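Peer 1: Would you mind keeping the following structure in view while I ask a few things?
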Amino acid sequence: MTIYTLPVGLSGLKIKRLKFGQKRFDLRFQNGDSGAGQSRILAPPRWTAALVCPDGLSQAEAAIWRNLILQLQGMTHQLALPDLANLTPRGTMRGTLTLSAQANAGDTSLTITGGAGQANATLLTGDWIGIGSGGQRQLLNIAGDYTANGAGVIVVNISQPVRWQQAASSAVIWDGPTALFRQTSTDSSWDYEPGIRNGYSLDLMESWE
């Protein structure tokens, strides 16, 4: 199993549209007499994403798309993908960020430090951060507006529970954090009309296994 990244630079992947979302696995029970209901979480939620190419790709641009799709080999390999529309936080926290306290599986808050240089810096609602590395990376959404104290320590709530224990001093990624995705289908196809190449796309769901 190999982890691939998006081609960038002059040979980058031309993208018309990115769709980013979340798939939840909630089981709903409902009383047939009263209509009263109750929900139960069956499994951790997973990020979803869809990438669509622009119309009228050049031969070289189409080749880059085709190569990426074929590299993934259906559901075999993973793609490390950020939210391309929100690569950096709206908040002002930057620099080298680390966990200042251990994060345990199931935690929904993190204590992060950037040192004194990040005193009064912020992380805002909807900002992305990443924790973990390799196959145990996790893309997390900040669930409020938070400000670091004078020592550059900030405590934030997150919208998803931590999946794996992360030690204190572990890196926190703010610049283009990624999640790992696999294609949702083993099928792929694209279109060609004389001089026009289009129809390249990827439908993805987060998969860390």
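Coordinate-derived values only; no laboratory data. Just so we're clear, the structure is a prediction, and the values are computed from it rather than from any experiment. Heads up, the Cβs are rebuilt from the backbone with ideal geometry, glycines too, and the neighbour counts pull from every protein chain shown.
Peer 1: Determine the gain in length on full extension of the stretch LEU87-ASN67; use 0.36 nm per residue of separation and subtract their C-alpha separation, reporting nm with one decimal. Please report the intermediate quantities before stating the final value.
Peer 2: Working: separation 20, 0.36 × 20 = 7.20 nm, distance 2.43 nm.
Here the segment from LEU87 to ASN67 would lengthen by 4.8 nm.
Peer 1: Something else now. Got the relative contact order for the stretch 1-157 handy, in percent, Cα pairs under 8 Å and 6 or more residues apart? Display every interim value, and only then the final one.
Peer 2: Values: 257 pairs, mean separation 29.5, N = 157.
It rounds to 19 percent for the stretch 1-157.
Peer 1: From the square roots a ≥ b ≥ c of the eigenvalues of the alpha-carbon gyration tensor of the stretch 97-176, which class results: rounded (a/c under 1.5), prolate (a/b over b/c), or oblate? Walk me through the intermediate numbers first.
Peer 2: Numbers: a/c = 1.68, a/b = 1.38, b/c = 1.21.
Prolate shape, in that a/c is at least 1.5 and a/b is the bigger ratio.
Peer 1: Please give the length that would be gained between ARG94 and ALA36 if that part of the chain were fully extended, namely 0.36 nm times their separation in residues minus their C-alpha to C-alpha distance (nm, one decimal). Could the numbers behind the result be given before it?
Peer 2: Working: separation 58, 0.36 × 58 = 20.88 nm, distance 4.68 nm.
Here the segment from ARG94 to ALA36 would lengthen by 16.2 nm.
Peer 1: Can you give the translational diffusion coefficient of the chain in µm²/s, computed by Stokes-Einstein from the Kirkwood radius over Cα pairs at 20 °C and 1.002 mPa s? Please list the in-between numbers first.
Peer 2: On the way: Rh = 19.0 Å.
Rounded, D is 113 µm²/s.
Peer 1: Given +1 on the Cβ of Lys and Arg, -1 on the Cβ of Asp and Glu, and no further charges, what dipole in debye does the chain carry about its Cα centre, rounded to the nearest 20? The partial results should precede the final answer.
Peer 2: Values: 16 positive and 15 negative charges, 18 e Å.
The calculated dipole for the chain is roughly 80 debye.
Peer 1: Pop a pseudo-label 7 angstrom from the Cα along the beta-carbon direction at both GLN22 and LEU6 and give the gap in nm to one decimal.
Peer 2: 2.1
Peer 1: Then there's this: Provide MET93, MET75 in ascending order of the number of other Cβ atoms located within 10 Å of each residue's Cβ, fewest first. Intermediate values should be presented prior to the final figure.
Peer 2: Details: MET93 25, MET75 13.
Fewest to most other Cβ atoms nearby, the residues stand as MET75, MET93.
Peer 1: Using every alpha carbon pair in the stretch 60-140, what percent of pairs falls into each 5 Å bin from 0 up to the bin containing the largest distance?
Peer 2: 3, 10, 18, 18, 17, 11, 8, 8, 5, 1
Peer 1: Mind checking the angle between helix 59-72 and the chain's longest principal axis? C-alpha axes, 0 to 90 degrees, to the nearest 10.
Peer 2: Rounded to the nearest ten degrees, it is 60.
Peer 1: May I pose another question? Rg(Cα) of the stretch 1-124 divided by 2.2 N^0.38 Å?
Peer 2: 1.51
Peer 1: If you don't mind, there's one more thing I want to ask. Output the Cα-based Rg and Dmax of the stretch 1-64 in Å, rounding Rg to one decimal and Dmax to a whole number.
Peer 2: In order Rg, Dmax, the Cα atoms of the stretch 1-64 give 20.4, 62 Å.
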